[in-house]
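No value in this document is a laboratory result; all are computed from the given coordinates. Because the structure is predicted, anything quoted here is derived from the model rather than measured. All Cβ positions, even for glycine, are placed from backbone atoms using ideal geometry, and neighbour counts span all protein chains on display.
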Amino acid sequence: MAEQRIQISPHIRKEAKRLLEDGQKIRAIKLVRSSGKSMPGESRDVANEDGTFEKIMDHKVGLRDAKDACEHLVNPSLDPRVVLTARLQIKKVIVEGETGNVELDIEQLQLRCLDGLSQGIPISEIAAMTELITFIREWQGEE
C-alpha cells in the first residue's frame, strides 16, 4: 500500500483521467503537479527575516510522484508508490455561539456574515467565524 498520497479535487481527478485516456500523459502529470497537494508533506527549514529558522511543511508534488500516481490511475493493478486521493470539501459548518447555532455556508460566507449582523450576532463571533472559514478554505487548498 502506498504511503504517499496526492490530494486533488474530484473535478481535477476526473480531468486527469480524461487526459490520460486521450493519450495526453504529460498534460495529466502537469495538472496533477499544479493542482495536487502531497500528503504527508516534507518538512523543510525556512529562514526568517531575523535570521532564525522555522520548519514548514512543503506539500509540493514532485514529477516522479505525479507520474506514478497518474500511471496508477489508468492501471490500478500496479503496486503504487503514490496514489491520488480526493480532497475533502466542507460545504457547511454549524457553530454554537451565545446567540444560538449559526449555520455557515462555506461558499457564501460573506452573505452569511452580513446576515449575522442584521440578526444581532456579535461582531466578535462573526470575526471568529470568518477566521474559521478562512482556515477551512486554506486547508481545502482554495485560494
Worksheet item: When the chain is fully extended, how far beyond the present Cα-Cα distance does Glu107 get from Thr85, taking 0.36 nm per residue of separation?
Response: 5.7 nm
Worksheet item: Kirkwood-based Rg over Rh for region 14-56 (C-alpha set), two decimals?
Response: 1.32
Discussion item. Considering all projection directions equally, how large on average is the shadow of the alpha-carbon convex hull of the chain, in square nanometres?
Written reply: 12.0 nm²
Item to complete: Would you pull out the residues with amide H under 5 Å of Leu104's amide H, same chain only if 5 or more places away, H placed 1.01 Å from N?
Response: Val93, Ile94, Val95
Worksheet entry | For region 122-139 and region 30-47, distance of Cα centres in Å | 25 Å
Worksheet, complete the sentence: Residue by residue through region 122-137, the couplings from Karplus 6.51 cos²θ - 1.76 cosθ + 1.60 with θ = phi - 60°, in Hz, x for Gly and Pro, are x, 4, 5, 5, 5, 4, 5, 5, 4, 4, 4, 5, 4, 4, 5, 4
Worksheet, complete the sentence: Residue span Arg44 to Thr99: 0.36 nm per residue of separation minus Cα-Cα distance leaves a gain in nm of 15.5 nm
Worksheet item: Distance in nm between label sites at Ser34 and Thr130, each 7 Å beyond Cα in the beta-carbon direction?
Response: 3.2 nm
Practice prompt. Report the FRET efficiency, 1/(1 + (r/R0)^6), for Trp139 and Ser77, where r is their Cβ-Cβ distance and R0 is 41 Å, rounded to 0.05.
Written response: 0.80
Practice prompt. Please tell me which of these pairs span more than 32 angstrom C-alpha to C-alpha: Lys14/Lys91; Lys25/Lys92; Lys60/Lys91; Lys17/Lys55; Lys37/Lys92?
Written response: Lys25/Lys92; Lys17/Lys55
Discussion item. For a Förster distance of 25 Å, can you work out the FRET efficiency between the beta-carbons of His59 and His11, rounded to the nearest 0.05?
Written reply: 0.85
Fill in: Degrees between helix 63-74 axis and first principal axis of the chain (Cα, 0 to 90, nearest 10)
80 degrees
